[in-house]
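Data first, discussion second: the structure below is written as structure tokens.
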Amino acid sequence: MTTAYSFVPSPSHFYPDHPEHPSRFDLLTPRLDSFGAQKLDAKPATRDEVVCVHHPALIHSLEDICKQAPAIIDFAPTFVTQTSFDDALLASGGMLSCMRAVLSGSARNAFAIIRPPGHHAEPDRSMGFCILNNIAIAARDALANGIKRVAIVDYDAHHGNGTQAAFVDDERVAYCSTHQWGIYPGTGWYEDAPHAGKRIVNVPLPAGSGDQTYERIADEIFVPFIQSFKPEMIFVSAGFDAHWNDPITSLGLSTAGFYMLSKKLVGLAEEHCNGKIVFVLEGGYDPVNVVNGAAAVFTALMNKSFIDPGDASPRKETDAGEMIEKVHGWHRF
């Protein structure tokens with residue numbers, strides 16, 4: 001079996017000078033064929049598939065507001081154009097195509113390279129550059145098609161408040177997020193959801209947390225998180241805005257760090273889920289980091305030799321050991 005991917009660039013979903021812009025893919029697009037993965041067709045998600053996560057009132061309001069677009073719909077700012085609702089349906093459909101290919105066995109694993117992103121979109125509102133929650137829609141669909149437990153790992157620089165909100169009371173889904181504390185959306189403290197210990201796990205990090213910190217998190221938090229929940233499938237919100245030179249965040253990962261995280265998660269999927277893992281693109285607002293991050297994910301998925309572009313952070317890494325210990329202790333990992 002091969003690695004599969006979907007690609008939904010949504011070129012008409014753009015707003016002048018906004019960081020979530022089609023130009024994020026300028027360097028990635030000509031490289032996609034070189035990764036050697038199988039491209040999947042993306043079909044728009046249906047309303048029945050979307051309503052498994054999002055309230056019908058949100059779907060109707062999005063359709064209406066897009067007819068009057070362009071518009072800014074929240075303070076993030078999140079924008080919509082006249083094509084944004086259809087673009088969001090196609091993005092969710094691209095994630096569903098990847099999930100279904102892995103679930104059916106036609107692909108070993110997959111990577112949905114799509115926009116608009118999704119992990120901030122809550123059941124009743126779009127926010128944070130996100131229109132529909134792509135990963136949540138796919139997780140619900142996997143559950144509807146025989147998977148009993150899904151684990152979601154989110155290494156975007158921002159907390160995936162929408163994904164957490166979708167599953168905070170759903171014992172079939174576990175969610176673990178690493179994110180920079182003190183930035184948008186201001187959620188994701190480690191003591192969140194005390195009723196869901198070991199299942200809703202947040203790792204809020206200080207600015208400057210980098211490769212060494214994330215390797216500790218992978219070994220000391222991701223591993224017991226997966227071991228305790230025993231998922232049958234893993235989804236990953238891959239946000240390349242955790243790179244040290246992303247224009248809107250202040251973490252410290254390098255491309256080698258993204259490869260390390262991705263490789264460890266693929267290994268956990270091999271150990272616990274018969275290899276079933278699907279990555280989905282979330283943030284990342286420097287085109288160089290997006291193409292390098294995507295290459296790191298494909299390398300991990302396809303078990304190829306990693307070629308380090310040599311973009312380690314020039315800054316001294318912040319010590320986040322105290323927070324890692326707090327998270328570990330809170331969840332009794």
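Every number in this text was worked out from the coordinates using simple rules, so none of it is lab data. This one's a predicted model, so the numbers in the text were calculated from it and none came from an experiment. A quick note on method: Cβ atoms are made from the backbone with ideal geometry, for glycine too, and the neighbour counts reach across all protein chains shown.
What the table below lists for this structure:
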item	result
Extreme residue, surrounded by the most Cβ atoms within 10 Å (Cβ to Cβ), among residues of the stretch 276-333 that are closer than 25 Å to PRO117 by Cβ and of a type in the set (Asp, Glu)	GLU282
Unique match (being touching a residue at least 40 places away in the same chain (Cβ under 8 Å) and farther than 30 Å from ARG125 by Cα) among PRO224, PRO204, PRO231, PRO185	PRO224
Residue check, LEU89 in contact with a strand residue (DSSP E or B) (Cβ under 8 Å, 6 or more places away or on another chain) and surrounded by 19 or more Cβ atoms within 10 Å (Cβ to Cβ)	no
Residue under evaluation ARG100, criteria (1) free of Cβ contacts under 8 Å to residues at least 60 places away in the same chain; (2) under 24 Å from LEU28 (Cβ atoms); (3) in contact with a Phe, Trp or Tyr (Cβ under 9 Å, 6 or more places away or on another chain), criterion not met	(3)
CYS66 being crowded, with 24+ Cβ neighbours inside 10 Å and more than 18 Å from GLY283 (Cα to Cα)	no
Pairs where the first residue, in the stretch 264-286, is closer than 30 Å to PHE14 by Cβ and the second is in a helix (DSSP H, G or I) and β-branched (Val, Ile, Thr), C-beta under 9 Å, 6+ apart	VAL278/VAL102; VAL278/ILE135; PHE279/VAL297; VAL280/ILE135; LEU281/VAL290; LEU281/VAL297; GLU282/ILE135; GLY284/VAL290
Selection from the stretch 85-138 of residues that are of a type in the set (Val, Ile, Thr), assigned to a helix (DSSP H, G or I) and touching a Leu at 6+ places or on another chain (Cβ under 8 Å)	ILE137
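So that you can scan it fast, the table gives a plain yes or no per residue for (1) in contact with a helix residue (DSSP H, G or I) (Cβ under 9 Å, 6 or more places away or on another chain); (2) surrounded by 22 or more Cβ atoms within 10 Å (Cβ to Cβ); (3) over 22 Å from ARG332 (Cβ atoms); (4) hydrophobic (A, V, I, L, M, F, W, C):
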residue: ALA193; (1), (2), (3), (4): yes, no, no, yes
residue: SER209; (1), (2), (3), (4): yes, yes, yes, no
residue: GLU220; (1), (2), (3), (4): yes, no, no, no
residue: PRO224; (1), (2), (3), (4): yes, no, no, no
residue: GLU232; (1), (2), (3), (4): yes, no, yes, no
